[in-house]
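Undergrad: Please read through the structure below; I'll follow up with questions.
The values are calculated or read from the model by the stated rules, or taken from the named source; none is laboratory data. Quick caveat, the model's predicted, so the values are computed rather than measured. Cβ: placed from backbone, ideal geometry, glycine included. Neighbour counts: every protein chain shown. Side chains are part of the model used for accessible areas, which takes the heavy atoms of the whole protein and leaves out ligands, DNA and RNA. Shrake-Rupley method; radii C 1.70, N 1.55, O 1.52, S 1.80 Å.
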Amino acid sequence: MKPGNDPKKSRDNGRTAKPDAPIDPYLPRSGNRGYRVSRYELDLTYRVVANRLTGTATVIATTTDARGKFALDLAPTMRVTKLSVNGSRPAKYAQRDGKLVVTPARKIPVGGVLTIVVHYHGTPKPIRSPWGEVGWEELEEGSLVASQPNGAASWFPCDDHPGAKASYRITVTADSPFQVIANGTLVRRTTRASQTTWEYEQPEPMATYLATVQIGNYETRRVSDGPVPLYAVHPPRLKANFDRDFGRQPQMMDVFSRLFGPYPFTHYSVVVTADELEIPIEAQTLSIFGANHCDGSRGEERLVAHELAHQWFGNSLTLSRWRDIWLNEGFACYAEWLWSENSDGPSAHTIAADAHRGLGRKPQDLLLGDPGPELMFDDRVYKRGALTLHALRLRLGDEKFFALLRQWTAEHRHGTVTTEQFTDLAARFADAPLRPLWDAWLAEKALPPMPEP
Ligand SMILES: [Zn+2]
């Protein structure tokens, strides 16, 4: 058939040729329209020494409009070798500009099942972004994944946007001396010849940037018998350092569960890599620290609190657009201050006053409620975000403020959130309008005066 002879086909082309509007202006290249993923099943084999990843990804989705083509995010370093849609060969598929574009052989109606099975392989490397290199990264011995905000496509085909949460099964086969840690619960481990297969199930919905695989010569042990099991994963030589630096996590878990509401997952692990890392990073059900954060001096406990708090703020409650990043980082930073005043450190108010003086010396060009992609991980988002919560706490009083936080984590548990949802909920705990407070802290660049009791 000559091109253009099939009227149905040309209509399809006309519609899909139009560029899709970006899901999020902060990351216009990430995320896709036309479907909603409910589950990822990733079956991966990783050769540690060769840094070679071979995978089969099953992406289970429902269509949200009837279109001829669907796109997934996938880095060009991962080459697709075979692909099926709903069990059949697609009409075609192509990889370009970080997208895997799939044309099903038969059109799928709105609300139809869209199951895409992708076979792929490659030498994974992080994706270069304005916020550094993110995604799958080779270590001296092993690998790590730290994807915030757009690194997930470095290791699996996905709809890479935080608003698109799904359940996961992550199965990784690696050479036997290596330990593999992924999100959720280890449900099966089988060793065959010189390789071990690790199967993890993550039933609670998870954002793509929080999906992770950690591979290294690690020792894994349970370090708390409390209601939420805590696990330590680290090179054996760091055991004593870990016990000192992370030794107060059980108390931290108690304090945060009391202040924020029940811990949202079944367990929590901390992975310490043999390599040094610039900053620790949160993933769902675990956090990753570098050997430099585990030197036995307990000098980085603030970061231990920060990463744990992300399990509530960021992981259970995930932002649906990046402009609301203060809902992650402002809350996690305020959790550092709350841990200080609930352990043996200075009060949140003392730390807030310090942070306020620090911000006063910096340029007043940041809009906390919409910082822009360049500034979304700026330290001022963290500090001013925490100060905003402190101002709110002084306005509402402790009883109402912490009741608000618990209500917030309960109402949106395992969901997605926006700033408006938080300010709307806060209004229910206030006797007078909070709008002036939100305007001053979120919608204006000038730093408001230090809130006082
Ligand atoms: Zn953080």
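Undergrad: Out of all the residues in segment 190-217, which are outside any loop (DSSP other than H, G, I, E, B), open to solvent by less than 60 Å² (accessible area, probe 1.4 Å) and not polar (S, T, N, Q)?
TA: Correct list: 198, 199, 200, 201, 204, 205, 206, 209, 210, 213, 215, 216.
Undergrad: Can you list the helices (runs of 4 or more DSSP H) lying wholly within segment 218-317 that have 1 or more residues being closer than 21 Å to residue 142 by Cβ and either within 15 Å of the ligand (Cβ to nearest atom) or not assigned by TED's automatic domain parsing to the domain that holds residue 340 (or both)? Please lay out each step first, then the result.
TA: Details: elements: 239-245, 249-260, 301-309.
Ranges flagged: 239-245, 301-309.
Undergrad: Among the candidates 361, 384, 380, which residue alone is touching a Phe, Trp or Tyr at 6+ places or on another chain (Cβ under 8 Å) and farther than 26 Å from residue 298 by Cβ? Lay out the reasoning, then the answer.
TA: Working: 361 fails: touching a Phe, Trp or Tyr at 6+ places or on another chain (Cβ under 8 Å); 380 fails: touching a Phe, Trp or Tyr at 6+ places or on another chain (Cβ under 8 Å).
Of 361, 384, 380, the one residue that is touching a Phe, Trp or Tyr at 6+ places or on another chain (Cβ under 8 Å) and farther than 26 Å from residue 298 by Cβ is 384.
Undergrad: Restricting attention to segment 178-189, and to residues there that are of a type in the set (A, V, I, L, M) and surrounded by 22 or more Cβ atoms within 10 Å (Cβ to Cβ), which single residue is nearest to the chain's Cα centre (by Cα)? Show your work before the answer.
TA: Within segment 178-189, the subset of a type in the set (A, V, I, L, M) is 180-182, 186-187.
With the extra rule that they be surrounded by 22 or more Cβ atoms within 10 Å (Cβ to Cβ), the set shrinks to 180-182.
Details: 180: 19, 181: 16, 182: 13 Å.
For segment 178-189, the residue satisfying everything is 182.
Undergrad: Ok, one more. Within segment 307-336, can you find the residues that are in contact with a Gly (Cβ under 6 Å, 6 or more places away or on another chain) and hydroxyl-bearing (Ser, Thr, Tyr)?
TA: Residue satisfying the conditions is 320 alone.
Undergrad: What number of residues within segment 72-86 satisfy the criterion of being in a strand (DSSP E or B) and within 19 Å of residue 111 (Cβ to Cβ)? Write out each step before concluding.
TA: Step one: filter segment 72-86 for residues in a strand (DSSP E or B), giving 72-73, 78-85.
The next check asks that each one be within 19 Å of residue 111 (Cβ to Cβ); those that pass are 85.
Total meeting the criteria: 1.
Undergrad: Would you mention how many residues in segment 318-336 are among the aromatic types (Phe, Trp, Tyr) and within 10 Å of the ligand (Cβ to nearest atom)? Before you say what the answer is, go through the steps one by one.
TA: Step one: filter segment 318-336 for residues among the aromatic types (Phe, Trp, Tyr), giving 322, 326, 331, 334.
Now narrow it down to the ones that are within 10 Å of the ligand (Cβ to nearest atom): 331.
Qualifying residue count for the region: 1.
Undergrad: Would you confirm, using the coordinates I've provided, whether residue 357 is more than 26 Å from the chain's Cα centre (by Cα), crowded, with 16+ Cβ neighbours inside 10 Å, in a helix (DSSP H, G or I) and not hydrophobic (A, V, I, L, M, F, W, C)?
TA: Values: more than 26 Å from the chain's Cα centre (by Cα): yes; crowded, with 16+ Cβ neighbours inside 10 Å: no; in a helix (DSSP H, G or I): yes; not hydrophobic (A, V, I, L, M, F, W, C): yes.
Answer is no for this residue.
Undergrad: If you don't mind, there's one more thing I want to ask. Pull out all pairs, ordered by first then second residue, where Cβ-Cβ is under 6 Å, the residues are six or more apart or on different chains, the first lies in segment 283-311 and is closer than 19 Å to residue 333 by Cβ, and the second is within 14 Å of the ligand (Cβ to nearest atom) and in a strand (DSSP E or B).
TA: Going by the 6 Å Cβ cut-off, the qualifying pairs are 288/281; 307/282; 307/287; 310/282.
To keep it simple, each residue is scored yes or no on (1) in contact with a Cys (Cβ under 8 Å, 6 or more places away or on another chain); (2) open to solvent by less than 30 Å² (accessible area, probe 1.4 Å); (3) closer than 18 Å to residue 327 by Cα.
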residue: 347; (1), (2), (3): no, no, no
residue: 366; (1), (2), (3): no, yes, yes
residue: 369; (1), (2), (3): no, yes, yes
residue: 386; (1), (2), (3): yes, yes, yes
residue: 417; (1), (2), (3): no, yes, yes
residue: 439; (1), (2), (3): no, no, yes
residue: 443; (1), (2), (3): no, no, yes
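Undergrad: Which condition does residue 38 not pass, out of (1) more than 20 Å from the chain's Cα centre (by Cα); (2) assigned to a strand (DSSP E or B), if it passes all the others?
TA: So the condition that residue 38 fails would be (1).
Undergrad: Please list, ordered by first then second residue, the pairs with beta carbon atoms under 7 Å, 6 or more apart or interchain, first in segment 322-338 and assigned to a helix (DSSP H, G or I) and open to solvent by less than 10 Å² (accessible area, probe 1.4 Å), second acidic (Asp, Glu) and more than 10 Å from the ligand (Cβ to nearest atom).
TA: Filtered contacts from segment 322-338: 322/24.
Undergrad: With farther than 30 Å from residue 175 by Cα and more than 22 Å from the chain's Cα centre (by Cα) as the only criterion, which of 54, 62, 81 stands out?
TA: Details: 54 fails: farther than 30 Å from residue 175 by Cα; 81 fails: farther than 30 Å from residue 175 by Cα.
Going through 54, 62, 81 in turn, just one is farther than 30 Å from residue 175 by Cα and more than 22 Å from the chain's Cα centre (by Cα): 62.
Undergrad: Being assigned to a helix (DSSP H, G or I), within 16 Å of the ligand (Cβ to nearest atom) and of a type in the set (D, E, K, R) narrows it down to one of 384, 393, 406, so name that one. Don't jump to the end; show me each part of the working.
TA: Details: 393 fails: within 16 Å of the ligand (Cβ to nearest atom); 406 fails: within 16 Å of the ligand (Cβ to nearest atom).
Exactly one of 384, 393, 406 is assigned to a helix (DSSP H, G or I), within 16 Å of the ligand (Cβ to nearest atom) and of a type in the set (D, E, K, R), namely 384.
Undergrad: Provide a single number: the residues in segment 190-212 that are under 21 Å from the mean Cα position of the chain (by Cα), farther than 17 Å from residue 416 by Cα and not polar (S, T, N, Q).
TA: 3
Undergrad: For segment 88-177, which fully contained strands (runs of 3 or more DSSP E) count at least 1 residues that are open to solvent by 10 Å² or more (accessible area, probe 1.4 Å) and of a type in the set (Val, Ile, Thr)? Lay out the reasoning, then the answer.
TA: Details: elements: 92-96, 99-103, 113-122, 127-129, 132-139, 142-146, 166-175.
Fully inside segment 88-177 and qualifying: 99-103, 113-122, 127-129, 166-175.
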